[in-house]
Amino acid sequence: MSAHLAEGPRVALRHITLADADEFVARARESQELHHPWLFPPLRTDTFAAYAGRLVDDPTRRGFLVCERDSGALAGFININNIVLGGFRCGALGYGAFAHAAGRGLMSEGLGLVVQHAFGPLGLHRLEINAQPGNTASLALARRAGFRKEGFSPDFLFIDGAWRDHERWALTAEQAADPGAAPAFAQS
């Protein structure tokens, strides 16, 4: 297993690797009902290889796995996509819990670790989350992590055969550092 980038009380965060294919694909298959119609992680090892390869090789992306500390089992994944540096220093988050971990607060803790990593070692200033209005679990996770709703984007992303509306949520490094501006990340 790869070295952990960060640890919380119940989860650890590490980079995704090609060696994670079997467990990731098995967890994604078990979670299809939970994920549909919001996201479609790879369900075969060959499509996982392409997915993980993009996260490993592309400097505008980072892929993280949220792992249960006690067992090492994959609880979910969080990716930072579309990373832009310079005067913007921003990235867009995408994430999903695996079914066995859903509703247990593990992704809240994992997202807090990703936010700290993004605003620390990665040097980002802003993170964005774009979620479909009906995806109540994803919106609740954004809220718990202290993200603020900034707006609504009609026909924003092409998902499951159609252009889907999304709510835009964001968090800056300053907001994350101000305990009065956002709830504690490790709380569920």
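Considering the range 53-68 alone, what residues qualify as being surrounded by 15 or more Cβ atoms within 10 Å (Cβ to Cβ) and modelled with pLDDT of 95 or more?
Scanning the range 53-68 gives 61, 62, 63, 64, 65, 66, 67, 68.
Residue 96 - would you say it is modelled with pLDDT of 95 or more, at positive phi and not hydroxyl-bearing (Ser, Thr, Tyr)? Give the steps one after another, and end with the answer.
Numbers: modelled with pLDDT of 95 or more: yes; at positive phi: no; not hydroxyl-bearing (Ser, Thr, Tyr): yes.
The answer is no for residue 96.
When you scan the range 56-77, how many residues do you find that are in contact (Cβ under 8 Å) with a residue 40 or more places away in the chain and under 24 Å from residue 40 (Cβ atoms)?
Adding up the residues that qualify gives 12.
So which residues in the range 8-34 are surrounded by fewer than 15 Cβ atoms within 10 Å (Cβ to Cβ) and hydrophobic (A, V, I, L, M, F, W, C), if there are any at all?
18, 19, 26 - these are the residues of the range 8-34 that are surrounded by fewer than 15 Cβ atoms within 10 Å (Cβ to Cβ) and hydrophobic (A, V, I, L, M, F, W, C).
Looking at the structure I just gave you, is residue 150 over 16 Å from residue 35 (Cβ atoms) and either surrounded by fewer than 20 Cβ atoms within 10 Å (Cβ to Cβ) or at pLDDT below 95 (or both)?
Against the criterion (over 16 Å from residue 35 (Cβ atoms) and either surrounded by fewer than 20 Cβ atoms within 10 Å (Cβ to Cβ) or at pLDDT below 95 (or both)), residue 150 qualifies.
Counting only residues that are surrounded by 22 or more Cβ atoms within 10 Å (Cβ to Cβ) and under 26 Å from residue 29 (Cα atoms), which one in the range 80-100 is farthest from the chain's Cα centre (by Cα)?
Once the filter is applied, the top-ranked residue is 98.
Taking only pairs six or more apart or across chains, which ones have beta-carbon atoms under 8 Å, a first residue in the range 135-157 that is at negative phi, and a second residue that is polar (S, T, N, Q) and not in a strand (DSSP E or B)?
138/132; 141/108; 144/108; 144/187; 144/188; 145/108; 148/175
Pairs only if they're at least six apart or on different chains, beta carbon under 9 angstrom, first in the range 105-133 and more than 14 Å from residue 78 (Cα to Cα), second among the acidic types (Asp, Glu) and surrounded by fewer than 19 Cβ atoms within 10 Å (Cβ to Cβ); list them, first residue then second.
If the second residue must be among the acidic types (Asp, Glu) and surrounded by fewer than 19 Cβ atoms within 10 Å (Cβ to Cβ), the pairs left are 125/174; 132/165; 133/165.
The values are calculated or read from the model by the stated rules, or taken from the named source; none is laboratory data. A quick note: this is a predicted structure, and the numbers were derived from the prediction, not measured. Counting neighbours? That spans all protein chains shown, and the Cβs are built from the backbone with ideal geometry, glycine included.
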